[in-house]
C-alpha cells in the first residue's frame, strides 16, 4: 500500500485498536502501544527503537522499549482478540491454517532463543532466532493468527541463561511441530473456523502433529519427505522417491492455482491411496498427492492428506497451494511493518513485538480488503477482556 494512501486511513487505525484497550491495561500503555503500531506503519527505512522514536516525535525510545520489556499487559489476550477480529472479517468455515517458521539474524548470545541454527531467510545455518507462525487463509484474505519463539535445547537445558532472558520456568523444550500443535489447539479452542492445515516437510514429517490434527477431526494436506516408504492399494511397498517412475504417464492432471513473476504457474498432479506405517493404526489409509513441476527436468514433491475419500483433487491441491500465502505474509510484514527490525532480548519482548506487528499487518490487510470491496473499513468489537492488566 502506498504510504500517502495509508495516511488517509489512519483515523480507522484508532477504531481498529479500540478492542485491544482492555488487554493493554493503563492508559499510558494503550497510548504507547498505539504509537508503536503507528511507527511500524510509517515510511521508515528501518523500524528499530531510535528510528521509530524519531518518526513519532519522541526524544528517545525509552517508552517504546518499556512497552516491550517492562509494562504489564497481556500480549496473549491481544493475540486472541486479534484472532476474533480476523475471523469476524475473514472467517470461512473451511478455512486453512498454514504453519511455517521464519529466522531473524541476531548478533551475540543473550537474546532469547538465539543460536546457530538454520535460517530460512538466508538459506543456511547462522546465528539467529526462529519463530513459528500460524496464518489463516480464506477466500477474502490471509493474516497471521499466532507466533511463538522457538527455544533450542542449548537454551532450555540452561535455566540460568533462560532466567537472564526472562523466559518463564514453565517454558520447556518443544520441537517446532510441537509448537505448531499447541498453536493449532489453541486456535481451535477459540472456535477458529479452520478445517484444513497445511505446512512444509518440517511439519508434515511429524506423525504426532498429523495424529493431533486428525484427532481434532480436521484435515491436513502436508508435504512429506521423499524418503518415506508407503504401501500402495495393491499392497506393494515403495519408497516415495521411486514412485513417480511407476505411475501411469497418462494419469497426470495439469492444474494452475497461482501466478508467479513469469506469469501463470502450472503443475501436474496425481493421487494415490496409500498407507504410511506411522499412521496405520491412528489414521489408516489416506491420500498421497504427487506434484510434478512443469520443467525440463521435473521435480516431484509429495503431500499426505487424511481428507475423506470423496474429496476432489482440486480441493486438495488448493489447500496445498495455500502454503505459499504465508510466504507473502512474511514478505509484507518484514518490508511494511518491521517484523525483523526489533531490538529486544527478553522472551516476552519478542512476543510483544510480534503481537504489535501482527496488529499493524492485519490492519493493512483489512484496509486493502475494504478498498477492493469499495466499502469503508468497519471493525466490530467481538472480543472481551479475560482480565484487566495493571501497569507497574
Using a Gaussian network for the chain with springs between C-alpha atoms less than 10 Å apart, which of these wobbles most: 293, 111, 63?
293
Separation of region 164-186 and region 84-111 by C-alpha centroid, Å?
15
Which angle between 0 and 90 degrees, to the nearest 10, do you get for helix 75-90 versus the longest principal axis of the chain when only C-alpha atoms count?
60
What fraction, in whole percent, of alpha-carbon pairs in region 177-242 exceed 18 Å separation?
43
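Which whole-number percent gives the relative contact order of region 245-346, counting Cα pairs below 8 Å spaced six or more residues apart? Let's see the in-between values first.
Values: 105 pairs, mean separation 17.0, N = 102.
Reported as a whole number, the value is 17 percent.
Where does each of 297, 334, 110, 365 land when they are ranked from fewest to most other beta-carbon atoms within 10 angstrom?
Working: 297 5, 334 17, 110 12, 365 21.
Ascending number of Cβ neighbours within 10 Å: 297, 110, 334, 365.
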On Cα atoms only, tilt of 347-373 relative to the major axis of the chain in degrees:
80
Taking the Cα-to-Cβ direction at residue 281 and at residue 117 and moving 7 Å from each Cα, how far apart do the two end points lie in nm?
3.1
By the C-alpha gyration tensor axes a ≥ b ≥ c (rounded if a/c is under 1.5, else prolate when a/b exceeds b/c, else oblate), the shape of region 171-304 is oblate
Give the angle, between 0 and 90 degrees and rounded to the nearest 10, that separates the Cα long axis of helix 27-41 from the longest principal axis of the Cα atoms of the chain.
50
What's the extension gain from residue 250 to residue 296 if we count 0.36 nm per residue and subtract their Cα-Cα distance?
14.8 nm
Backbone N under 20 Å from the residue 69 label point (7 Å along Cα→Cβ), restricted to region 145-170
149, 160-169
Over 5 Å intervals from 0, what percent of Cα-Cα pairs in region 44-189 sits in each interval?
2, 8, 13, 16, 19, 18, 14, 8, 2, 0
Highest GNM mean-square fluctuation among 119, 162, 256, for the chain with Cα springs under 10 Å, belongs to 256
Within the set 186, 48, 306, GNM on the chain using Cα springs under 10 Å gives the largest fluctuation to 186
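Read the figures in this text as sums done on the coordinates, not as results from a lab. On a predicted model such as this, the values are computed, not experimentally measured, just so you know. For neighbour counting, all protein chains shown are included, and Cβ atoms are generated from backbone atoms with ideal geometry for every residue, glycine included.
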